[in-house]
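Visitor: So that we are looking at the same thing, I have put the structure below in structure tokens.
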Amino acid sequence: MSWVVGGDEGRANVTDDGFRQFVELRYRDLLRTAYLLTGTTHAAEDLVQTALLNALRHWKHIDDPMAYVRRAMVNQRNNLWRRLTSRELITEVLPERSTPDSSAGVAQRAELLAALRKLPRKMRAVLVLRYWEDLSEAETAALLGCSVGSVKAQASRGLARLREHLAPETPTYQAIAEVTA
């Protein structure tokens, strides 16, 4: 199968060579990682699609597709964070808040994601890749382009900050304490 990739100025035919199978097998994993990086389903889907489009353009030259797409997602998210931190949106009326789900699991997840969003982008990326993606310190370091020591330090500091953000008596805090023990 052949796909057309690119804008009007640069269209290129790309042969499938396993891309379709990769997407079918790994899309859910990539979407989960993207959700943890972005915090919303729609942003996660956009992030995965953009990263996959980038991977498709370079598919013949990619040795480790999962690492390549993860790295592309982290880079794209970092670029977006940089752009958004320089803007401030002021509105006259506060947006309506939805009522939280009464399920304890959903509430814990929301609390953890909120605490995760408070972390700096690199620290957040390290925690997502190390603990949700279950990558080794070396794999995380290679993916982020930093040293293993930096990954260890970021993970340690990130977990400490999560503990600060979460109340000690909540089950979410206890779950994080178990992961790090």
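The values are calculated or read from the model by the stated rules, or taken from the named source; none is laboratory data. Just so you know, these numbers come straight off a predicted model, no measurement behind them. Here the Cβ positions follow ideal geometry from the backbone for every residue, glycine too, while neighbour counts run over all protein chains shown. For the accessible areas, the whole protein counts, side chains as well, though only heavy atoms, and no ligand, DNA or RNA atoms are used. Shrake-Rupley method; radii C 1.70, N 1.55, O 1.52, S 1.80 Å.
Visitor: Working out 0.36 nm times the residue gap between THR41 and ILE62, then minus their Cα-Cα distance, what length gain in nm do you get to one decimal?
Guide: 4.9 nm
Visitor: Here is a follow-up. Rank these by accessible area, largest first, 1.4 Å probe: LEU25, LEU144.
Guide: Numbers: LEU25 135, LEU144 25 Å².
Greatest to least solvent exposure: LEU25, LEU144.
Visitor: Taking 0.36 nm per residue of sequence separation and subtracting the Cα-Cα distance, how much length would be gained by fully extending the chain between ALA114 and GLU164, in nm to one decimal? Intermediate values should be presented prior to the final figure.
Guide: Values: separation 50, 0.36 × 50 = 18.00 nm, distance 1.25 nm.
Residue separation times 0.36 nm, minus the Cα-Cα distance, leaves 16.7 nm.
Visitor: Using a 1.4 Å probe, how large is the accessible area of VAL106, given in Å² and rounded to the nearest 10?
Guide: 70 Å²
Visitor: Report the FRET efficiency, 1/(1 + (r/R0)^6), for LEU80 and ARG157, where r is their Cβ-Cβ distance and R0 is 22 Å, rounded to 0.05.
Guide: FRET efficiency, LEU80 to ARG157: 0.45.
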